[in-house]
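Scroll down for the structure; my scribbles are underneath it.
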Amino acid sequence: MTSTLDSPRPVAGATPTAAPVHAYDAGLLIVRLVLGLTVAAHGAQKLFGWFGGGGLDGTGQFFALSGYPAGRTMAVVAGLSETLGGLGLVLGLFTPLAGAAVLGTMVNALAVKWGGGFFAPDGVEYELLLAATAAGLALTGPGRIAVDRHLPVLRSHRLAHGVAAVALAAVVAGLTLLVRK
């Protein structure tokens with residue numbers, strides 16, 4: 001026999017934005033804040049040289065040495081993907097696309113660091129954790145404490161949005177890796 005005690009019951013006149021905040025909404029907010037701020041700070045390192053980063057010139061040289069053509073252009077793309085994707089996650093704004101931006105960048109980071117094993121200092125565990133968390137947020141959505149709750153199309157997150165965003169990230173990351181030497 002199936003119980004209906006745990007299923008949400010519609011309230012007459014209630015709107016999706018009036019739904020109560022649950023523990024998982026607070027949990028998703030924490031995950032979004034930590035991941036988003038961490039990745040946005042990495043993007044700022046690439047774009048502006050903040051937080052001890054190399055800026056566009058230093059990061060561009062790194063990308064060129066890592067086999068990417070037009071290293072400085074790739075630094076701009078990675079820096080913008082991380083900064084804007086990270087800030088999108090922080091705000092819960094266009095969350096599936098923000099997660100996809102972070103995921104695509106981390107797939108490329110994984111490819112660059114792949115030969116160093118799993119654990120630090122040369123391993124990929126950090127990049128893998130960021131990629132998996134970004135994909136998870138793209139698939140689950142931001143929770144109720146997010147700007148997306150006020151956008152008509154994203155108010156009620158659909159798995160299809162997340163799947164499409166993850167697929168987009170995989171295709172763009174794959175194409176980017178194809179131009180790498």
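The values are calculated or read from the model by the stated rules, or taken from the named source; none is laboratory data. Source: prediction; values computed, not measured. So basically every Cβ, Gly included, is an ideal-geometry build from the backbone, and we count neighbours across all protein chains shown. Just so you know, the surface numbers come from the protein's heavy atoms only, side chains and all, with ligands and any DNA or RNA stripped out. Shrake-Rupley method; radii C 1.70, N 1.55, O 1.52, S 1.80 Å.
Against the definition (of a type outside the set (Val, Ile, Thr), part of a loop (DSSP other than H, G, I, E, B) and open to solvent by 30 Å² or more (accessible area, probe 1.4 Å)), how does His161 come out, yes or no?
Working: of a type outside the set (Val, Ile, Thr): yes; part of a loop (DSSP other than H, G, I, E, B): no; open to solvent by 30 Å² or more (accessible area, probe 1.4 Å): yes.
It is false that His161 is of a type outside the set (Val, Ile, Thr), part of a loop (DSSP other than H, G, I, E, B) and open to solvent by 30 Å² or more (accessible area, probe 1.4 Å).
Look at the stretch 111-127 and say how many of its residues are buried (at least 16 other Cβ atoms within 10 Å of the Cβ) and either more than 25 Å from Leu178 (Cα to Cα) or hydrophobic (A, V, I, L, M, F, W, C) (or both).
Residues flagged as buried (at least 16 other Cβ atoms within 10 Å of the Cβ) and either more than 25 Å from Leu178 (Cα to Cα) or hydrophobic (A, V, I, L, M, F, W, C) (or both) within the stretch 111-127 amount to 3.
I'm trying to understand the selection: among the residues of the stretch 124-158, which are in a helix (DSSP H, G or I), closer than 30 Å to Leu65 by Cβ and hydrophobic (A, V, I, L, M, F, W, C)? Quick ask: steps written out before the conclusion?
Taking the stretch 124-158 first, the residues in a helix (DSSP H, G or I) are 125-140, 147-150.
Filter again for closer than 30 Å to Leu65 by Cβ, leaving 125-135.
Hits for the stretch 124-158 are Leu128, Leu129, Leu130, Ala131, Ala132, Ala134, Ala135.
Quick one: which residue in Ala19, Ala40, Ala44 is modelled with pLDDT under 95 and open to solvent by less than 40 Å² (accessible area, probe 1.4 Å)? Write out each step before concluding.
On the way: Ala40 fails: modelled with pLDDT under 95; Ala44 fails: modelled with pLDDT under 95.
The conditions single out Ala19.
Among what's in the stretch 105-123 and is in a loop (DSSP other than H, G, I, E, B) and touching a Gly at 6+ places or on another chain (Cβ under 7 Å), pick the residue that is modelled with the highest pLDDT. Give the derivation first.
Let us first name the residues in the stretch 105-123 that are in a loop (DSSP other than H, G, I, E, B), namely 117-123.
Within this subset, residues satisfying the condition of being touching a Gly at 6+ places or on another chain (Cβ under 7 Å) are 117, 122-123.
Details: Gly117: 87, Asp122: 86, Gly123: 90.
Among residues in the stretch 105-123 that are in a loop (DSSP other than H, G, I, E, B) and touching a Gly at 6+ places or on another chain (Cβ under 7 Å), the one modelled with the highest pLDDT is Gly123.
Can you tell me which residue among Ala101, Ala138 is open to solvent by less than 20 Å² (accessible area, probe 1.4 Å) and not polar (S, T, N, Q)?
Ala138
Identify all residues within the stretch 50-98 that are farther than 24 Å from Thr133 by Cα, open to solvent by 20 Å² or more (accessible area, probe 1.4 Å) and in contact (Cβ under 8 Å) with a residue 60 or more places away in the chain; write none if there are none.
Within the stretch 50-98, just Pro69 meets the criteria.
Sort through Val171, Val90 and tell me the only one that's modelled with pLDDT of 95 or more, hydrophobic (A, V, I, L, M, F, W, C) and under 13 Å from the mean Cα position of the chain (by Cα). Spell out how you get there, then give the answer.
Numbers: Val171 fails: under 13 Å from the mean Cα position of the chain (by Cα).
Of the residues listed, the single one that is modelled with pLDDT of 95 or more, hydrophobic (A, V, I, L, M, F, W, C) and under 13 Å from the mean Cα position of the chain (by Cα) is Val90.
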